[in-house]
Amino acid sequence: MDIADRLTNFPVGAAVTLGDLTGDVHPCLARIRATEPVSWLPAIGGWLVTGRDHALAVLRDADSFTVDDPRFSTARVVGPSMLSTDGDDHARHRAPFVGAFRHAVVMDGFEAWTAKKAGRLLAGHLAAGYCDLRAVLAAPLAVGVIARALDLAEADPDRVLGWYRAIAAGVEGVNAGSDVGDGTRRAVADLRRAVDRTVADSAGSLLAEVAAGGSLTADELFSNTAVLMFGAIETSEAMTANALAHLLGSADQLEAVAADRSLVPDAVEESLRMEPAATLVDRYATGAVDLAGVAISAGDLVSVSLAGANRDPTVFAGPDRFDVSRPNLNLQLAFVRGPHTCLGLHLARLQTIAAVNAVLDLVPDARLDDDFQPASGLVFRKPATVPVTWDPTVE
Ligand code: HEM
């Protein structure tokens, strides 16, 4: 099918602009999904998959839909890693890290720490009676957690954040067609030295253990470390900001969760369904392939809309409603499925749960300000701020 045929055959997709995908995307995704669950979008230069079944089919079939493509920008900045490889190579990159991110290991090492850290971050602001929960809680918690998990020699959270910002700017630049800039190159070199020093000096640390396993080269250990950092910071900040905004913005759900704290994990899961922090994941067709009756050509970009899949009305009844008692919350796809399932999902959930609990414990009367603006963004979706107010005189 040539481009002209694609524009004719997918009129809803053809009319979509990048602005539609960046702002209040959900009505737009609902429109596309209703008639073109696999649609051609000139705005992204690729196919957009919005139905949950088709999304799963793509995510689980790495033979037909791969991440391993020269257009994948993160790999061009940090080198090949688990995020940019498939098949045996992917398994080799990922396997040495799996143990450290298992549920039990994460709970053991991080549950008490994240709860304490979240409480401390908020405690400094209690007397003010207002704050931006994204800036005060979500962002520093995200950086603190991954800095601790990677345990890099001589790297405090500020330094980790500096590397993240420089590498993210490099990836954005490459996406926009520029070369990797000097600032990004310096950050990559600096992070590389920190990884090498950690391996040499910090026996017992995650990175030293992975290096000792011997299945990754020093370059590969570095690129996977960068991807762990890259995958953890903006996403977790967004996940926590979204969860707090959803909960504080919904009086009846907030009341239910405050009355029964065992519902906090469900509230976090429902927030992930409503607004998956990483909204689009890209794959490339390895050959000509049929998806939902649509003929996809070899090399085509196939972008999976996790936001679209998560509001598929054939799976989630009343999909635009934030409902923590939904019976099938576990079907949401914010962490994808298949070989690239998010490695940090337990650590991410733990920190957002800790943040929600800290707010319920320390500022139980916190209310979202009227001027709150909902999440936006093409790939990472989050509100610019989560402004809240409470009565500082109430204990
Ligand atoms: C501690 C925090 C986190 C860490 C350490 C982390 C780490 C990772 C890593 C290493 C991967 C690559 C796995 C692979 O390709 O085999 C990954 C994938 C992914 N992560 Fe996370 N992540 C974190 C938080 C999050 C959050 C909060 C979200 C969204 C709510 C998220 C969404 C994703 C998605 C969608 C993928 C799949 C990407 C793709 O298939 O192309 N992650 N994560």
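The values are calculated or read from the model by the stated rules, or taken from the named source; none is laboratory data. From a predicted model like this one, the values you see are computed outputs, not experimental measurements. Positions of Cβ are backbone-derived with ideal geometry, glycine not excepted, and every protein chain shown enters the neighbour counts. Surface accessibility is based on the protein's heavy atoms, side chains included, excluding ligands, DNA and RNA. Shrake-Rupley method; radii C 1.70, N 1.55, O 1.52, S 1.80 Å.
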Exercise. Which ones in the range 370-392 are farther than 15 Å from Glu237 by Cβ and in contact (Cβ under 8 Å) with a residue 60 or more places away in the chain?
Worked result: Phe372, Pro374, Leu378, Pro387, Val388, Thr389, Trp390, Asp391, Pro392
For this session: Considering only the range 35-58, state which residues are in a helix (DSSP H, G or I) and either under 14 Å from Ala307 (Cα atoms) or polar (S, T, N, Q) (or both).
Result: Thr35, Arg52, Asp53, His54, Ala55, Leu56
For this session: Collect the residues in the range 276-304 that are within 16 Å of the ligand (Cβ to nearest atom) and either among the aromatic types (Phe, Trp, Tyr) or more than 16 Å from Thr66 (Cα to Cα) (or both), keeping them in residue-number order.
Result: Pro276, Ala277, Ala278, Thr279, Tyr284
Exercise. Are any of the residues in the range 279-292 free of Cβ contacts under 8 Å to residues at least 60 places away in the same chain, in a strand (DSSP E or B) and either open to solvent by 30 Å² or more (accessible area, probe 1.4 Å) or more than 29 Å from Ala43 (Cβ to Cβ) (or both)?
Worked result: yes
Problem set entry | Counted residues, the range 240-270 - those being closer than 16 Å to Leu347 by Cα and open to solvent by less than 10 Å² (accessible area, probe 1.4 Å) | 5
Problem set entry | Neighbours by Cβ (under 9 Å, 6+ apart or cross-chain): first from the range 337-354, on the phi > 0 side of the Ramachandran plot and in contact (Cβ under 8 Å) with a residue 12 or more places away in the chain; second of a type in the set (Lys, Arg) and more than 8 Å from the ligand (Cβ to nearest atom) | Gly338/Arg60
For this session: Kindly provide the set of residues from the range 41-64 that are open to solvent by less than 10 Å² (accessible area, probe 1.4 Å) and either over 25 Å from Phe10 (Cα atoms) or within 12 Å of the ligand (Cβ to nearest atom) (or both), ordered by number.
Result: Ala55, Val58, Leu59
Exercise. Which condition breaks for Ser39 when tested against (1) over 20 Å from Asp282 (Cβ atoms); (2) at pLDDT 95 or above?
Worked result: (1)
Seminar exercise, completed: All-but-one check, Gly318 against (1) over 16 Å from Leu29 (Cα atoms); (2) more than 21 Å from the chain's Cα centre (by Cα), failing number (1)
Problem set entry | Out of Ala298, Ala334, Ala309, sole residue that is farther than 22 Å from Leu244 by Cβ and either in a loop (DSSP other than H, G, I, E, B) or without any contact (Cβ under 8 Å) to a residue 40 or more places away in the chain (or both) | Ala298
For this session: Within the range 24-40, count every residue that is surrounded by fewer than 16 Cβ atoms within 10 Å (Cβ to Cβ) and either farther than 19 Å from Asp53 by Cα or of a type in the set (Ser, Thr, Tyr) (or both).
Result: 3
Exercise. In the range 337-368, what residues are assigned to a helix (DSSP H, G or I) and under 19 Å from Met82 (Cα atoms)?
Worked result: Leu345, His346, Leu347, Ala348
Exercise. Residue check, Thr114 against (1) of a type outside the set (D, E, K, R); (2) more than 13 Å from the ligand (Cβ to nearest atom); (3) part of a helix (DSSP H, G or I), all met but one. Which one?
Worked result: (2)
For this session: Give the residue that is nearest to Pro339 (Cα to Cα), with candidates limited to residues of the range 69-105 that are of a type in the set (A, V, I, L, M) and open to solvent by less than 20 Å² (accessible area, probe 1.4 Å).
Result: Met82
For this session: Please determine, by comparing only the residues of the range 220-229 that are open to solvent by 10 Å² or more (accessible area, probe 1.4 Å) and near the ligand (Cβ under 8 Å from one of its atoms), which one is farthest from Val78 (Cα to Cα).
Result: Leu228
